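The values are calculated or read from the model by the stated rules, or taken from the named source; none is laboratory data. Note that this is a predicted model, so its numbers are computed, not measured. Positions of Cβ are backbone-derived with ideal geometry, glycine not excepted, and every protein chain shown enters the neighbour counts.
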Amino acid sequence: MNRDHQHLKVVPARYPARTIGAVVALFILAGVVESVALNPRWEWGVFARWFFDPVILHGLGQTLLLTLLGTVFSLIFGGLLALARLSSSWLLSSLAWGYIWLFRSLPLIVVLIILYNFSYLYDTLSFGVPFTALAWGHFQTINVLGQFPAAVIGLTLVQAAYSAEIIRGGFLGVDHGQMEAASALGLSATRRTFRIILPQALRAIIPTAFNEIISLAKGTAMVYVLAMPELFYTIQMIYNRNQEVIPLLMVGAAWYLIITTVLSVIQHSVERWLARSVTRDAQPSRWRQWRSRLNPVAANEEISHVRSH
Amino acid sequence: MSEAIDYRQAHATGAISITGVSKSYGRHKALDDVSLELEPGSVTVIVGPSGSGKSTLLRTLNHLERVDEGFIQIDGDYIGYQRRGDKLYELKEKAILRQRINVGYVFQNFNLFPHLTVLENLIEAPIAHRQLSKRDAMTRAGELLDIVGLRHKADAWPRHLSGGQQQRIAIARALMLSPRVMLFDEPTSALDPELVGEVLDVIKKLARSGTTLVIVTHEIGFAREVADNVVFMVDGKIVEQGSATQVLNNPRHERTRRFLARVL
């Protein structure tokens, strides 16, 4: 019986419509590339001249710095807000809710302009205990809240409200049994949060958090209202002078593209690393693959337990 | 600190005393004036229809659930409270956590930490409590993994194991803190039938180890084999208790007879 089947050949199903669709799509793509590359009005010469210009690179540096500081501070502050929101203290969770409500309602541009005009509202800032004469220092608002600090604080205040909700969502997504198991083992609240719940919550937090970081990287362009020379403001200043609007916008677009690409690559590797306990036979990371080519025995031993069953 | 723990372990062996415990969720009375005395080192199986308060009772024993009325003592210590004179002071979180070290808990759905390897799951709590150094914890983990027959899985992730293996690891994890009392909340209910045996075998090994065991289960055959006491609960009340032969073979109450007829 079995022998009768040996001469049979398997013919895969074919889908001609898919092939036609793919050819059409490639044709359209080629047309777009051709027009962008060969139409002289895109002025790629101007693009090339400005791409690595020191002024642009300085603006890029400011954008990256704002993104980095905004991300770090908003994640820390947002994490605290999320913990406050989840706290069993009624007062703490209402205060955190109120903060999130306020800063998700206010447009970033309004927050930035208010901060920039803070010296008009309050001449001096004091560091001390409210309602008492106790104070350790007085500062002129105008000296403390310059463009850069105002931009960082504004971005952080608004971004933290969104981060808080993302982090809270991640925490809520972790099975309640994990918290109980950690309690039953007598682990302290801090250890439960940071060692048991947070690492599991990260898998839900990371994709949305990177969405936020990417939109923050582009959203930093909003600080042009403070006349701060980050990437986009720098580009505007240049094309207002030389009228080469399109090629300079392309310079900005290309840099934003690069930033987003780098962030996406980082996101991909972070997600892989976090998924290592879930995927049944995960491919080793690029780094492992590369190392295993140099030293095949050691790498084999390390992953062998996964398949030993 | 460690001397204090050693001293207590030498003299205390896991006697449980439950006095008039009640617990309500809204209008629903989950526990209704439950009293029970369990000898040190004894094995108690709690049976009863679902919703009868078995699991709630177990959860109150390590203060995962607060009681509304009554007291629970393990070796004379009030769970969740400290007695000074005639007053019971509610314990703060830290002290409650310290009490829980003496009470191991095994969950129906294992609740292993999926982001930690088997070995990391085991050594987490003893290291967090500074009970053992990392090296000692790893040695002890190896011994316990031998007992549950899973030493070769030390570096595996929990999700790569079968349900029965996960539950055996969960038991080993609870044993890492050398508890005086071990609580099992339906430890085999989430398992495929052919995996139940391997988990029950591990619990049988513990039965004569001197640790007090309290087990909520539907495995009547297992109860008959290992239990010193069997407690039958319905609607948050203890209907009948006694030796396994007495309660399971010659039940006095009509309600117990009806339940056993349906389960067996």
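Which number in (1) closer than 21 Å to B:GLY53 by Cβ; (2) modelled with pLDDT under 90; (3) not in a helix (DSSP H, G or I) marks the one condition that B:ARG262 misses?
In the conditions (1) closer than 21 Å to B:GLY53 by Cβ; (2) modelled with pLDDT under 90; (3) not in a helix (DSSP H, G or I), B:ARG262 misses (3) alone.
Just checking, which of B:ILE220, B:ILE215 is within 18 Å of B:PHE184 (Cβ to Cβ), buried (at least 16 other Cβ atoms within 10 Å of the Cβ) and at pLDDT 95 or above?
When all the criteria are applied, what remains is B:ILE215.
Could you tell me which of the residues A:LEU187, A:LEU198, A:LEU157, A:LEU125 is aliphatic (A, V, I, L, M) and in a strand (DSSP E or B)?
A:LEU125
Under the condition of being surrounded by 10 or more Cβ atoms within 10 Å (Cβ to Cβ) and small (Gly, Ala, Ser), which residue from region A:23-44 is nearest to A:GLY252 (Cα to Cα)?
Here the residue is A:SER35.
With the requirement that a residue be in a strand (DSSP E or B), of a type outside the set (D, E, K, R) and touching a Lys or Arg at 6+ places or on another chain (Cβ under 7 Å), what does region B:219-248 give you?
Hits for region B:219-248 are B:MET233, B:VAL234, B:VAL239.
Scan (1) touching a residue at least 24 places away in the same chain (Cβ under 8 Å); (2) over 30 Å from A:ASN242 (Cβ atoms) for the single condition A:VAL10 breaks and write down its number.
Evaluating A:VAL10 over (1) touching a residue at least 24 places away in the same chain (Cβ under 8 Å); (2) over 30 Å from A:ASN242 (Cβ atoms) leaves (1) as the failure.
Quick one: would you say A:ALA150 is within 14 Å of another protein chain (Cβ to nearest Cβ) and either within 28 Å of B:ARG173 (Cβ to Cβ) or modelled with pLDDT under 95 (or both)?
Judged against the criteria, A:ALA150 is not a match.
Can you report the number of residues in region A:160-190 which are crowded, with 18+ Cβ neighbours inside 10 Å, within 10 Å of chain B (Cβ to nearest Cβ) and not hydrophobic (A, V, I, L, M, F, W, C)?
3
Sort through A:LEU102, A:LEU198, A:LEU157, A:LEU112 and tell me the only one that's within 31 Å of the chain's Cα centre (by Cα) and within 14 Å of another protein chain (Cβ to nearest Cβ).
A:LEU198
Which residue, of B:GLN73, B:GLN99, is within 11 Å of chain A (Cβ to nearest Cβ) and either more than 30 Å from B:LEU161 (Cβ to Cβ) or at pLDDT 95 or above (or both)?
The conditions single out B:GLN99.
When the residues of region B:223-249 are narrowed to those that are surrounded by fewer than 21 Cβ atoms within 10 Å (Cβ to Cβ) and among the small types (Gly, Ala, Ser), which ends up farthest from B:ILE203 (Cα to Cα)?
B:GLY242
Take A:VAL33 and tell me if it is in a loop (DSSP other than H, G, I, E, B) and at pLDDT below 95.
no
It is to be established whether one or more residues within region A:222-231 are more than 10 Å from every other protein chain (Cβ to nearest Cβ), touching a helix residue (DSSP H, G or I) at 6+ places or on another chain (Cβ under 9 Å) and without any contact (Cβ under 8 Å) to a residue 24 or more places away in the chain.
Yes: one or more hits.
Among the residues that make up region B:196-208, is at least one of them at positive phi, in the same structural domain as B:ASP32 (by TED's automatic domain parsing) and either in contact with a Phe, Trp or Tyr (Cβ under 6 Å, 6 or more places away or on another chain) or not polar (S, T, N, Q) (or both)?
No: region B:196-208 contains no residue that is at positive phi, in the same structural domain as B:ASP32 (by TED's automatic domain parsing) and either in contact with a Phe, Trp or Tyr (Cβ under 6 Å, 6 or more places away or on another chain) or not polar (S, T, N, Q) (or both).
Could you tell me which residue of region B:125-149 is surrounded by the fewest Cβ atoms within 10 Å (Cβ to Cβ), considering only residues that are at the interface with chain A (Cβ under 10 Å from one of its Cβ atoms) and within 19 Å of the chain's Cα centre (by Cα)?
Filtering region B:125-149 for residues that are at the interface with chain A (Cβ under 10 Å from one of its Cβ atoms) and within 19 Å of the chain's Cα centre (by Cα), the one surrounded by the fewest Cβ atoms within 10 Å (Cβ to Cβ) comes out as B:PRO126.
Take A:ARG49 and tell me if it is among the basic types (Lys, Arg), more than 30 Å from A:ASN211 (Cβ to Cβ) and exposed (fewer than 10 other Cβ atoms within 10 Å of the Cβ).
Criteria not met by A:ARG49.
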